[in-house]
Amino acid sequence: LAFLTQIFGSTANTGHAWMPGLIIAFLATPIAHEIVHGLAFSAFGGTPKYGVGFMALLPVAYATAPGYKFTKLPMLIIGLAPLFTITPLAILVSALSPSLAPYMVVIIIANTAGAIGDLWLCSQLVKYWSVPTVAFEDQKDLMFVTASTAQDKKLVNKIYKRLEKKEA
């Protein structure tokens, strides 16, 4: 709390007036993050569905588009969209309105933390980049990888088996 007081300031008269804004920024960021994923799903023809679940006993928000398959580049854009929209926007707001910078720092940290899973998922998607007809379907708890030709399906299975061995 002392560190945050140094950043946001505090006086005997105002107390910690910045705390509600900090909490709102922290709680709103995952919602905004998932809305950006949903907008990206929509931009590529999907119909997003939103929800909240639990992972390792922690609440997590999610956006998914079950039933829709996306090719390589659209799926990569969908995965990275929040990191490359919310973070630069928060930096811009900080530059234009320095008094909001501390709140934007919270948003940047929360958004980047939320993007860790997105970055990991994208690192897995690019392993299928050599498969010409590969497509991905986000099914909330997993990513379904498929291809439209028999030869490409064999490649997908080969890559999957290689990844599975590395994790074991």
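Accessible surface calculations at 1.4 Å, restricted to protein heavy atoms, place the chain at 62 Å² per residue. Distance distribution P(r), region 61-102, all Cα-Cα pairs, bin width 10 angstrom from 0: 24, 36, 23, 15, 2 percent.
Calculated on the Cα set of the chain, radius of gyration then Dmax: 19.7, 71 Å. Lys-Lys pairs in the chain that are eight or more residues apart or on separate chains and whose Cα atoms lie under 15 Å of each other come to 14. Considering only Leu142, Leu100, Leu22, give the residue with the highest GNM mean-square fluctuation for the chain, with springs between Cα atoms whenever their separation is below 10 Å. Judging by the Gaussian network model, the answer is Leu142. Among Met143, Met19, Met55, the residue with the largest mean-square fluctuation in a Gaussian network model of the chain, with springs joining Cα atoms closer than 10 Å, is Met55. Per residue, the chain reaches -20500 deg cm²/dmol at 222 nm when only DSSP H runs of four or more residues are counted, each adding -39500 (n - 2.57). Each listed q (0.13, 0.14, 0.17 Å⁻¹) maps to a log10 I(q)/I(0) for region 90-149, found by the Debye formula over equal Cα scatterers with no solvent: -0.55, -0.59, -0.69.
Could you check how much of the accessible area of the chain is carbon and sulfur, as a whole percent, using a 1.4 Å probe? That fraction is 70 percent.
If R0 is 41 Å, the Cβ-Cβ spacing of Leu73 and Asp141 corresponds to a FRET efficiency of close to 0.95. Springs between Cα atoms under 10 Å define the GNM used for the chain, and in it the highest mean-square fluctuation of Phe136, Phe84, Phe54 occurs at Phe54.
The values are calculated or read from the model by the stated rules, or taken from the named source; none is laboratory data. From a predicted model like this one, the values you see are computed outputs, not experimental measurements. Note that each Cβ is placed from the backbone with ideal geometry, even for glycine, and that neighbours are counted across all protein chains shown. Side chains included, ligands, DNA and RNA excluded: accessible areas come from the protein's heavy atoms. Shrake-Rupley method; radii C 1.70, N 1.55, O 1.52, S 1.80 Å.
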